[in-house]
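Novice: Quick one: this structure, given as structure tokens, is what I'll be asking you about.
Only the coordinates and a few stated rules stand behind these numbers; no lab work does. Every value quoted in this text rests on a predicted model; they were computed, and no experiment measured them. We place every Cβ from the backbone using ideal geometry, glycine too, and count neighbours over all the protein chains shown.
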Amino acid sequence: MRIVRLDDGGTTRLILRGELDLDTGDMFQDQVARALADRPGELVVDIGGLTFCDSSGIDVLIGAQQAAGRAGIGFRTTMPRGIVLRSLTVTGVLPFLIGPGSDREPAGGRP
């Protein structure tokens, strides 16, 4: 997996590419911890580039959201699509991770 970090004012964006799973979850958690240590107003995780996300990947996304909440930092994911969107929908966590008004797969996309 590849993670790109962009800082823009009070928002830190982590852009994920590849697979978020048992093998890559620690890398994501490390990047989240570093981002939260810098105290942004909001942490946005762009998951549009994920090609796979298993249950351990979903777990680290939820863990990141909880860590941000404990730190008083806003958190949301953006751009879920394809099999990742379907996994988040089927497990019921999609509404909790994307937040209100977040970007989703374009109309006609398959959940």
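Novice: Exposure proxy check: Met1, Met27 ranked by fewest other beta carbons within 10 Å?
Specialist: Met27, Met1
Novice: To continue, here is another question. For the chain, give the magnitude of the charge dipole about the Cα centre (Cβ charges: +1 Lys/Arg, -1 Asp/Glu; no others), in debye to the nearest 20.
Specialist: 260
Novice: Provide the percentage of antiparallel DSSP beta bridges, counting only those with both residues in the range 2-98; round to the nearest 5.
Specialist: That works out to approximately 35 percent antiparallel.
Novice: Here's a follow-up. For the chain, what is the Kirkwood hydrodynamic radius in Å, using each pair of distinct C-alpha atoms? Show your work: numbers first, answer last.
Specialist: Details: mean 1/r = 0.0729 Å⁻¹.
13.7 Å is the Kirkwood radius here.
Novice: Short version: ³J(HN,Hα) in whole Hz for each residue of the range 18-30, in order, from phi by Karplus 6.51 cos²θ - 1.76 cosθ + 1.60 (θ = phi - 60°), x for Gly and Pro, what are they?
Specialist: For the range 18-30, the Karplus curve yields x, 10, 10, 8, 4, 6, 10, x, 4, 4, 5, 4, 4 Hz.
Novice: Neighbouring Cβ atoms within 10 Å as the yardstick, rank Leu22, Leu36, Leu50 fewest first.
Specialist: Ascending number of Cβ neighbours within 10 Å: Leu22, Leu36, Leu50.
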